[in-house]
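Chemist: Sharing a structure with you now.
The values are calculated or read from the model by the stated rules, or taken from the named source; none is laboratory data. Predicted, not measured: the structure shown is a model, and the values here were computed from it. Glycine also receives a Cβ, built like all others from the backbone with ideal geometry; neighbour counts cover every protein chain displayed. Only protein heavy atoms, including side chains, enter the accessible area calculation; ligands, DNA and RNA are left aside. Shrake-Rupley method; radii C 1.70, N 1.55, O 1.52, S 1.80 Å.
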Amino acid sequence: MLWKLSLTGIKGRLKDYIVLFSGLVMASAIFYMFESMASNEAFLTSNSILGTIVFIFRFGSVLLGIITFAYILYANSFLMAMRQRDYAMFMMLGAKGRKIAQMIFIETFLVGFAATLLGSIVGMGLAHGVNALLVSRLNLQITHYAAFSSKALLVTLIFFALLFFVAAIFNAAAITKKAILDLLRETSTPARLKQRPIWLFLQAILGIGSLAFGYYMMSDLMKFQLIGIGAALVTIVLGTYLVFKSVLIAVLSALKASDTIAMKKLNNFTFSQLSFRIRDYTQMLSMAAMLFALALGALTVGLGFKNEIPLMAKSVAPYDLILNNAQKADAQSVTDLHPTLDTIYSQKETDDAVYYVKEQFNEHPLLAPKYDENGVDSQYRQLSGDVIAKDLTAQDALREYEVAEQRSKEIRLVSLSDFAAIEATETSLRLIQVADFETSYAALHTLAEANQSENTAEPIEANFSQRVFVYDTYNGMFSGFEFMGFFLGIAFLTMLASCLMFKILSGANNDIIRYNMLRKIGTRTSLLKQSIRKEIGVLFLVPGILGMIHVLFGLKMFTTLMRDPYDKLWVPFSIFIALYAIYYSLTVWLYTNIVLREDK
């Protein structure tokens, strides 16, 4: 009988349960995916360039676990808000509290565990897609990759089963301890805001001051180090909460006090709706703002590392392609590159020296990396033939473009006539730049590998002059961070938007009566929908704006790891805002269908 009542209850609110169920499926799918990556030891050990990021994947699983816990709390409140009136009716009809508790336990655990099973299957599909992503998007060659991991599946099932087991016990205990009237009328009484303006002002000052201090600590982590991270975390969380608690209340009060604004259309009703449970929303909005910052920050940093790879390779290797003995290279393949810079230097090699024509370097100076106190500079040195002939440091720069077997020999720059008199085979050193390195990557890589195999026994990984090999090295180092940042960002976004959505929807049933009253007195449905869009828009927009501010200041922490963490910032912001807008639209649609449902 209990199973029948539980299934009937789920069937009766199938649309609402689908929303809850789909969110839980995505949560468990993302958790499984990260666990499968972190627990795939054969994959990590056989791919050395990715082996160092095992800790990062483990850390990501822990973060997702924490966020998932908070997410399930809000999803759980959504579930209870949907069903508590039904439970109260069962009690009024004489059902025993113990039986109600059993029914609640069955519903909560059944929905949660079914979502976990389906989510694990979806996670396997996502994990399978990782292989194609790493190979095609990140240009990596990987082996021993397996989308299915029994260890990851076991960890996911146990973790979520424990969460839902605890949630089921908590739900059962909470419902049976409440009086029937409390279940029927819970959250329908507004929380009165009785705060003095001076106290709100002091909270606002303290909150803004805390944020400013946290931003300052993040701006110079080289100086403050771990203390700076800890202090920034505490002060930013505190500042976020205080700003929402004070500024949001003050702004709403000011808007309601302005007749010009409040009396326009349904603005006063909208402001009242926002003020209705503002204390509860303050905690939720603070958490949403922090999650927004973590999600957008992870996505921004992940894509930032991807943008950083070609910049780092370019700063270390001025030329896109180096051709030793260039006369042997495939001329048509080089022509197809459409070089923007194509410089050829003549060479002659003897047993103890490599000879070059000074005039050629004077006409086309050699480009070499330029170093400053912070490492490699973005600008290049231009070395003329006169400079190379006299400066040993400049000769070392030229030596980097030679094959390994030549680097032990002396470099001599001579006039064109003297060069012609040297009895040795003439070869050429050809240095090329193209318009778009990443677009030409495949062709450049083919030519660079051919040049390496034909001219030297030096292993590719030891060649730090060919830009494609430098790019591969940095790509191997940072592609894991890019991948991690991207999926952490999507995971955090899913969690925060779902938490926000479920928090809003959990109070929707209690708002039905207010919207029905407005409809009965003749308020147009279009105005009611406009009010809903504004109300939910504020709840999504406010944490989003503060989260973006957190990210803009937080990127200062990565200035020591990336040359420009703000490069192409619009890309991750645009992606994130688009995904966030989808969640907003979905929440508006669901909320509207609940509060303006015709049968209500």
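Chemist: Which order do peptides 346-352, 245-251 fall in by mean Cβ count within 10 Å, highest first?
Modeler: Sorting 346-352, 245-251 by mean packing, highest first, produces 245-251, 346-352.
Chemist: Now for a different question. Would you work out which of 525, 592, 559 lies farthest towards the positive end of the dipole of the stretch 508-600? Charges go on Cβ: Lys and Arg +1, Asp and Glu -1.
Modeler: 525
Chemist: Shifting gears a bit: Go through 196-209, 390-403, 537-550 and give me the packing order, highest mean Cβ count within 10 Å leading.
Modeler: 537-550, 390-403, 196-209
Chemist: Take peptides 110-116, 164-170, 413-419 and line them up by average Cβ neighbours within 10 Å, highest first, as a rough protection proxy.
Modeler: 110-116, 164-170, 413-419
Chemist: Please list, ordered by chain and number, the residues whose modelled amide H lies under 5 Å from the amide H of residue 354; skip anything fewer than 5 residues away on the same chain.
Modeler: 410, 411, 412
Chemist: Tell me, what HN-Hα J-couplings in whole Hz come from the Karplus equation 6.51 cos²θ - 1.76 cosθ + 1.60 at θ = phi - 60° for each residue of the stretch 414-423, using x for Gly and Pro?
Modeler: 10, 6, 4, 5, 5, 5, 5, 7, 6, 8
Chemist: Whose amide H sits under 5 Å from the amide H of residue 434, counting only residues 5 or more places off or on another chain, with H placed in the peptide plane?
Modeler: Under 5 Å from the amide H of residue 434: 320, 340.
Chemist: Take the Cα atoms of the stretch 465-568, find their three principal axes, and give me the spread along each one in whole Å, biggest first.
Modeler: Reported extents, whole Å, longest axis first: 77, 21, 21.
Chemist: Something else about it: According to the square roots a ≥ b ≥ c of the eigenvalues of the Cα gyration tensor, what is the shape class of the stretch 308-452, taking rounded for a/c under 1.5, prolate for a/b larger than b/c otherwise, and oblate for the remainder?
Modeler: oblate
Chemist: In Å², what does the accessible area per residue of the stretch 291-344 work out to with a 1.4 Å probe? If you can, show how the numbers build up before the last one.
Modeler: Working: 1880 Å² over 54 residues.
Result: 35 Å² of accessible area for each residue.
Chemist: Karplus couplings for the stretch 323-339 from phi (6.51 cos²θ - 1.76 cosθ + 1.60, θ = phi - 60°), rounded to Hz, Gly and Pro as x?
Modeler: So the Karplus estimates, Gly and Pro as x, are 10, 7, 6, 4, 5, 8, 6, 5, 4, 5, 5, 5, 4, 5, 6, 6, x Hz.
Chemist: So what are the ³J(HN,Hα) numbers for the stretch 441-454, from phi and the Karplus equation (6.51, -1.76, 1.60; θ = phi - 60°), rounded to whole Hz, Gly and Pro as x?
Modeler: Working through the residues one at a time gives 3, 4, 5, 5, 5, 4, 5, 5, 5, 4, 4, 5, 5, 7 Hz.
Chemist: Residues of the stretch 379-445: accessible area per residue at 1.4 Å, in Å²?
Modeler: Details: 3570 Å² over 67 residues.
Heavy-atom accessible area per residue stands at 53 Å².
Chemist: On the protein heavy atoms, probe 1.4 angstrom, tell me the percent of accessible surface of the stretch 251-375 carried by carbon and sulfur.
Modeler: 53
Chemist: Can you tell me the length gained on complete extension of the stretch residue 573 to residue 426, counting 0.36 nm per residue apart and subtracting the Cα distance?
Modeler: Gain in length upon complete extension: 47.5 nm.
Chemist: Right, next: Tell me which residues come under 5 Å, amide H to amide H, from residue 347 once H is placed; ignore anything under 5 positions away on its chain.
Modeler: 427, 428, 429
Chemist: Still on this model: Let me know the number of lysine pairs in the stretch 496-600 closer than 18 Å at the Cα, not counting same-chain pairs under 8 apart.
Modeler: Close lysine pairs under the 18 Å cut-off: 5.
Chemist: Let me ask something else. Per residue, how many Å² of accessible area does the stretch 475-600 show with a 1.4 Å probe?
Modeler: Ligands and nucleic acids excluded, the result is 42 Å² per residue.
Chemist: Ok, one more. Taking a quarter of the surface of the convex hull around the Cα atoms of the stretch 228-377, what do you get in nm²?
Modeler: Approximately 19.4 nm², given one-decimal rounding.
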